[in-house]
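Structure first, then comments.
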Amino acid sequence: MLTLIAALFEFVVVVAFALAAVLLNTIDARGFLASAAVGFAVMYGGGFSWFVIVAVFFTLGVAFTLYKYGYKRRLGTAQGKGGARNWPHILANGGLASVAAMYCLVSPGTLPAAVFLGAVSTSAADTVATELGLLSDRQPRLITDLSKEVPPGTSGGVTRLGFVGSAFASLVIGVMALALGVLPDAYLVLPVCLVGGIFGAVFDSLVGATIQRKGYCVVCMKPTEALRHCGEKTKTTGGKWYIENNVVNVLSTVAGAAAACATLLALAPLF
Ligand SMILES: [Zn+2]
């Protein structure tokens, strides 16, 4: 009975949070369902502290997306629909974190917690790096060839400001996880989040510079990584057609989680 009441309470908190996100215009209607599913899986499997960490990531993402939104919009690099994220984006970023949380129901431990922290740190690092990088007064450079300048918004383009942003975002997740005691060994939390988040974000840029699908809009002729633009399907011009942005996000969270686990396993015997 108590677990049923607890589950109901968790459900209400998640729905209230997702509703607030809709009202703030940060997610659309289907994004609401995806957020509620991710939020509930994380809270039910990982507990309230895990949910708080996802909520912090979400708040961080919204804050940096809306920061100087008008300026990014004029540049033509802003996220569409007032920065609202759609459901594939939410599942791509929150999928692995949800899986790690659900795995805890079967076998709780530090490893699924490291997977969770690595995945969330990567999503936070990537989001903040992208949004801050757009504001850099220096032209982004291609991560695979730093002598080459690319237009803002180009996949695989990196800036110093973006890198600082990815470290900052990973640190915020790390400090929250430390305060909430997500890992029993407190001294491991910051390195796990920092290495996981930064590695995941760098991996994201590497995939973006190499195999990510590139295309252009057949209506406005602008280059874009989106599958649809101006209401029409975009044309593929480079990369693998199936490595679109959400696939890159999934791969990056897996890479960030792997780096976080490696850090945990490497450092744990030292203490
Ligand atoms: Zn277009």
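The values are calculated or read from the model by the stated rules, or taken from the named source; none is laboratory data. Keep in mind it's a predicted model, so treat the numbers as computed, not measured. All Cβ positions, even for glycine, are placed from backbone atoms using ideal geometry, and neighbour counts span all protein chains on display. The protein model used for the area step is the full one, side chains on, heavy atoms only, and it has no ligands, DNA or RNA in it. Shrake-Rupley method; radii C 1.70, N 1.55, O 1.52, S 1.80 Å.
Structure notes:
- Local electrostatic count, N249, Cβ distance below 10 Å [Lys/Arg +1, Asp/Glu -1]: -3
- Test item: Cα-centred dipole of the chain, Lys/Arg +1 and Asp/Glu -1 on Cβ, debye: 920 debye
- Secondary-structure-derived ellipticity at 222 nm for the chain, considering helices only, amounts to -22500 deg cm²/dmol, per-run term -39500 (n - 2.57) for DSSP H runs with n ≥ 4.
- Candidates T159, T59, T127, ranked by Gaussian network fluctuation over the chain, Cα under 10 Å, top entry: T59
- The Rg/Rh ratio for the chain, using Cα coordinates for both the radius of gyration and the Kirkwood hydrodynamic radius, is 0.98.
- Across segment 22-149, Cα pairs under 8 Å and at least six residues apart give a relative contact order of 32 percent.
- Nonlocal amide H pairs with T224, under 5 Å, H built at 1.01 Å: G215, Y216, C217
- Under the combined filter of DSSP loop state and at most 15 neighbouring Cβ atoms within 10 Å, segment 84-157 retains these trypsin sites (Lys or Arg not before Pro): R138.
- Heavy-atom accessible surface of the chain: percent carbon and sulfur, 1.4 Å: 69 percent
- Relative to one another, the C-alpha centroids of segment 11-45 and segment 98-156 are positioned 21 Å apart.
- Fluctuation leader among M43, M221, M102 - the chain, Gaussian network, Cα springs under 10 angstrom: M221
- Think of a 1.4 Å ball rolled over the protein heavy atoms: segment 44-130 then has 42 Å² of accessible area per residue.
- Magnitude of the charge dipole, segment 98-178, Cβ model with Lys/Arg +1 and Asp/Glu -1, debye to 20: 100 debye
- Counting only protein heavy atoms and a 1.4 Å probe, segment 191-271 has 52 square angstrom of accessible area per residue.
- Normalised contact order of the chain, rounded percent, pairs of Cα under 8 Å and 6 or more residues apart: 19 percent
- The chain: most fluctuating residue of G165, G231, G95 per GNM, C-alpha cutoff 10 Å: G231
- Rounded tilt (10° steps) of 245-267 against the dominant C-alpha axis of the chain: 50 degrees
- Shape of segment 162-244, Cα gyration tensor, a/c cut at 1.5: prolate
- Overall form of segment 90-230 per C-alpha gyration tensor (a/c, 1.5; a/b vs b/c): prolate
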